[in-house]
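The values are calculated or read from the model by the stated rules, or taken from the named source; none is laboratory data. Small disclaimer: the values here were computed from a predicted structure and weren't measured. Positions of Cβ are generated from backbone atoms using ideal geometry, with glycine treated the same way; all protein chains shown enter the neighbour counts.
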Amino acid sequence: MSATIINGKEIAFQIREKLKNEIQTRAITPKLAVILAGHDPASEIYVKNKQKAAAEVGIETVLYRFEDDVNPKELEDLIDALNKDFSVNGILLQLPLPEGIDSSKILNRISPQKDVDGFHPFNMGLLMAGMNGGTVAATPKGILRLLKHAGIELAGKNALVIGRSNIVGKPMAMLLLNEDCTVSVAHSKTKDLKSLCQNADIIVSATGCLKLVQKDFIKDGAVLIDVGICRDENGKLCGDIDFEACLDKASFMTPVPGGVGPMTIAMLLENVLEAYLKQNA
């Protein structure tokens with residue numbers, strides 16, 4: 001058996017094309033405000049990629065830049081102004097923020113209706129309650145879309161989420177639970193990760209630990225979703241899962257790169273359009 005590779009890049013392209021067509025058909029221009037504080041190299045690249053993807057589908061972006069020594073009140077004042085600006089449909093605060101700034105305090109200042117990242121407690125609470133109407137974090141939302149696109153049956157399956165961040169792990173667990181999976185969450189204090197993995201039909205790993213999930217960790221036919229971004233000893237980009245080793249044992253796998261990453265941006269753009277439509281209903 002050789003696993004079917006879930007091509008996130010191709011699926012994300014289809015989603016972006018659909019968004020582009022809908023925006024053109026409706027003759028609208030959703031607007032996204034992006035806040036970038038500091039000069040984290042990865043953040044610089046992420047913001048540039050998000051802006052480029054937004055422009056391609058017809059979403060306007062406005063970038064607000066701050067230095068590493070930014071006063072948190074400056075960020076709060078900007079967010080307050082953007083919340084009141086009816087021309088702005090979404091607000092994206094690029095993480096991480098410079099050292100010493102409480103990111104949760106700044107994130108929570110964003111209006112839930114303009115929280116296109118889905119990190120506000122209001123939106124996370126709706127997800128926890130299994131209620132519709134909230135914004136779902138882009139990466140978990142994209143993963144669920146990948147699973148459904150691949151035709152993977154979720155109800156009744158044992159799912160393991162490795163990682164408990166508010167950005168991926170916790171919302172991913174809630175999404176899978178809402179799809180009737182039996183969900184376990186593993187983290188840095190978990191004992192005997194291997195046995196948890198061996199019992200899982202679906203594994204979503206989001207730790208950034210190089211090749212954490214080995215071939216002998218997984219059962220035959222497991223579905224493996226890799227959210228991790230790492231580099232091996234040769235500088236090659238790879239993930240949490242030992243891709244080559246698990247290829248002949250898993251049933252479905254996402255590659256790194258080209259798996260979850262492109263879906264994250266596609267779902268962010270979808271969230272911006274959804275925010276626009278809700279605000280202009």
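Taking the criterion of being touching a residue at least 24 places away in the same chain (Cβ under 8 Å) and hydrophobic (A, V, I, L, M, F, W, C), the residues of the stretch 258-281 that qualify are VAL260, MET263, ILE265, ALA266, MET267, LEU268, LEU269, VAL272, LEU273, ALA275. The set of residues in the stretch 186-205 that are touching a Lys or Arg at 6+ places or on another chain (Cβ under 9 Å), buried (at least 17 other Cβ atoms within 10 Å of the Cβ) and over 14 Å from ALA245 (Cβ atoms) comprises ALA186, ALA200, ASP201, ILE202. Among the residues of the stretch 110-166, those that are small (Gly, Ala, Ser) and closer than 19 Å to ALA206 by Cβ comprise GLY118, ALA137, ALA138, GLY142, ALA150, ALA159, GLY163, SER165. Residues in the stretch 96-129 that are without any contact (Cβ under 8 Å) to a residue 60 or more places away in the chain, under 20 Å from the mean Cα position of the chain (by Cα) and in a loop (DSSP other than H, G, I, E, B): PRO96, ASN108, ILE110, SER111, PHE119, HIS120, ALA129.
Screening SER188 against (1) under 23 Å from the mean Cα position of the chain (by Cα); (2) at pLDDT 95 or above; (3) more than 21 Å from GLY8 (Cβ to Cβ) leaves a single unmet condition, (2). The residues of the stretch 79-95 that are part of a helix (DSSP H, G or I) and surrounded by fewer than 19 Cβ atoms within 10 Å (Cβ to Cβ), listed by number, are ASP80, ALA81, ASN83, LYS84. Taken together, the criteria exclude GLU22 from residues that are surrounded by fewer than 19 Cβ atoms within 10 Å (Cβ to Cβ) and either more than 26 Å from ALA281 (Cα to Cα) or of a type in the set (A, V, I, L, M, F, W, C) (or both). The residues of the stretch 170-203 that are touching a Gly at 6+ places or on another chain (Cβ under 9 Å) and among the aliphatic types (A, V, I, L, M), listed by number, are MET172, MET174, LEU177, VAL185, ALA186. Filtering the stretch 206-264 to residues that are out of contact with any strand residue (DSSP E or B) (no Cβ under 8 Å at 6 or more places or on another chain), within 18 Å of ILE6 (Cα to Cα) and either surrounded by fewer than 20 Cβ atoms within 10 Å (Cβ to Cβ) or among the aliphatic types (A, V, I, L, M) (or both) leaves ASP220, GLY221, GLU244, ALA245, ASP248, LYS249, GLY258, MET263. Restricting attention to the stretch 170-223, which residues are in a loop (DSSP other than H, G, I, E, B), more than 26 Å from GLY125 (Cα to Cα) and of a type in the set (Val, Ile, Thr)? If the condition is that a residue be in a loop (DSSP other than H, G, I, E, B), more than 26 Å from GLY125 (Cα to Cα) and of a type in the set (Val, Ile, Thr), then ILE218 is the only one that fits.
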